[in-house]
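> Below: one structure in structure tokens.
The values are calculated or read from the model by the stated rules, or taken from the named source; none is laboratory data. None of these values were measured; they are calculated from a predicted model. Cβ sites come from the backbone with ideal geometry, for glycine too, and all protein chains shown count toward neighbours. Ligands, DNA and RNA are excluded from the accessible area calculation, which covers all protein heavy atoms including side chains. Shrake-Rupley method; radii C 1.70, N 1.55, O 1.52, S 1.80 Å.
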Amino acid sequence: MKILIAGGAGFIGSALVLALSNRHRIVCLDHGKKYPQLRRLVGDRVSLVEGEISDGALLDRVMPGTEAVIHLGGGGGNTRCLQDPAWAVQTHIVGTRLLLQKALQHGVARFFFASSVTAYTTYRQREIPFAE
């Protein structure tokens, strides 16, 4: 099975890349900062693609033949999101929407999404009330 893991060089993503790369064809899409370390662990078993989930042309290049997408992408934590809300929206909202759209366009059968506590705590830090 060909699996695209967005955010595959992160803490959880890299563990998935390692675990799944023995049985599946993995395409890891990430910023690339941790690729040297990841490459030492996976060798040539995994295709490491540097880029953003908000890059539609890039998604069109890596998506064909993909049977599952695991979306763990994002980053920066609360501090980065609060300091640059436009970046946060572009990365987390626009990027996720585009990744979903491209998965549908390319006939991907399975889409898994996970988020960190950042998605839930940013609002508390800004003191915007929400239902618990």
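> So, in Å, what gap is there between the alpha-carbon centers of the range 31-62 and the range 67-110?
Here the two parts' Cα centres lie 15 Å apart.
> I'd like to check one number: the per residue accessible area of the range 48-113, probe 1.4 Å, reported in Å² as a whole number. Don't jump to the answer; show the numbers that get you there.
On the way: 3550 Å² over 66 residues.
Accessible area per residue, the range 48-113: 54 Å².
> Still on this structure: How far apart, in nanometres, would the label points at R61 and V94 be if each is projected 7 angstrom from Cα along the Cα-to-Cβ direction?
Once both label points are built, they end up 2.0 nm from each other.
> Still on this structure, I have one more. Treating each Cα of the chain as an identical point scatterer and ignoring solvent, apply the Debye formula and state log10 I(q)/I(0) at q = 0.10 Å⁻¹.
Result of the Debye calculation: -0.33.
> Packing-wise, with mean Cβ within 10 Å as the measure, how do 26-38, 79-91 rank, highest first? Walk me through the numbers on the way to the answer.
On the way: 26-38: 18.5, 79-91: 13.7.
Sorting 26-38, 79-91 by mean packing, highest first, produces 26-38, 79-91.
> Would you work out the relative contact order for the chain, in percent, from Cα pairs under 8 angstrom that are 6 or more residues apart? Numbers along the way, then the final one.
Values: 197 pairs, mean separation 34.1, N = 132.
Taking the mean separation of contacting Cα pairs over the length of the chain, I get 26 percent.
> Kirkwood hydrodynamic radius, the range 1-72, all distinct C-alpha pairs: what's the number in Å? Intermediate values should be presented prior to the final figure.
Numbers: mean 1/r = 0.0848 Å⁻¹.
After inverting the pairwise mean of 1/r, the radius is 11.8 Å.
> Please give the contour-minus-distance gain from F112 to R23: 0.36 nm per residue of separation, less the Cα-Cα distance, rounded to one decimal in nm. Mind dumping the intermediate values first?
Working: separation 89, 0.36 × 89 = 32.04 nm, distance 1.81 nm.
Contour length minus Cα-Cα distance gives 30.2 nm.
> Continuing with this model, one more query. Tell me, what % of the accessible area of the chain is carbon and sulfur with a 1.4 angstrom probe?
Working: 4400 of 7850 Å².
Ligands and nucleic acids excluded, carbon and sulfur give 56 percent.
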